[in-house]
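As structure tokens, the structure follows; a few thoughts come after it.
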Amino acid sequence: MEHRTDQERGKQLAALVVAHTSTVQTVISRALRPEDRHLVEDLAQDVWLTAWQYLLRGNTITRPAGLLATMARHRVTDHYRSARVRREVSTDPTAYGPLATAAAGARELVAA
């Protein structure tokens, strides 16, 4: 195993980003559902973070396109796995509890 400095690893990551950004984004966009296309850049950023951590652990990337494509597909899979158990519901915070009381009082003051 080669011993590299963080600066050398940073340069290697920067070269990977320049050379493979379109590949990573293409793999992600093809794996996402059409309604989730807005997530491409966020998931790509996660792939680059994973690649950085991979390099920091002292690993060597010999086939970058294949490794990054695999990381991208895994990131999309992870996204959909977590989305299955995570339910996001938008609510009006003033409709419940103390905020509802404060909001009702504020409306009365404005109306007066």
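Pairs are defined by a Cβ separation below 7 Å, a sequence spacing of at least 6 or placement on different chains, a first member in the range 55-79 that is farther than 15 Å from Arg9 by Cβ, and a second member that is surrounded by 11 or more Cβ atoms within 10 Å (Cβ to Cβ) and polar (S, T, N, Q); the pairs so defined are Ala65/Thr23; Leu68/Thr23; Ala69/Thr23; Met71/Thr50.
Would you confirm whether or not the range 47-54 contains a residue that is of a type in the set (Phe, Trp, Tyr), in a helix (DSSP H, G or I) and either open to solvent by less than 30 Å² (accessible area, probe 1.4 Å) or touching a residue at least 24 places away in the same chain (Cβ under 8 Å) (or both)? Yes, the range 47-54 has at least one match. Would you confirm, using the coordinates I've provided, whether Gly10 is open to solvent by less than 70 Å² (accessible area, probe 1.4 Å), in a loop (DSSP other than H, G, I, E, B) and over 14 Å from Ala72 (Cβ atoms)? So Gly10 does not fit the description; no. If you go through the range 30-54 and keep only what is modelled with pLDDT of 95 or more and acidic (Asp, Glu), you end up with Glu41, Asp42, Asp46.
Once the range 55-112 is narrowed to residues that are modelled with pLDDT under 80, open to solvent by 100 Å² or more (accessible area, probe 1.4 Å) and among the charged types (D, E, K, R), the residue that is nearest to Arg33 (Cα to Cα) is Arg84.
Scanning the range 25-46 for residues that are of a type in the set (Asp, Glu) and open to solvent by less than 70 Å² (accessible area, probe 1.4 Å) yields Asp36, Asp46.
The values are calculated or read from the model by the stated rules, or taken from the named source; none is laboratory data. Bear in mind the structure is a predicted one, so any value in this text is a computation, not a measurement. Counting neighbours? That spans all protein chains shown, and the Cβs are built from the backbone with ideal geometry, glycine included. Just the protein is used for accessible areas: all its heavy atoms, side chains included, with ligands, DNA and RNA removed. Shrake-Rupley method; radii C 1.70, N 1.55, O 1.52, S 1.80 Å.
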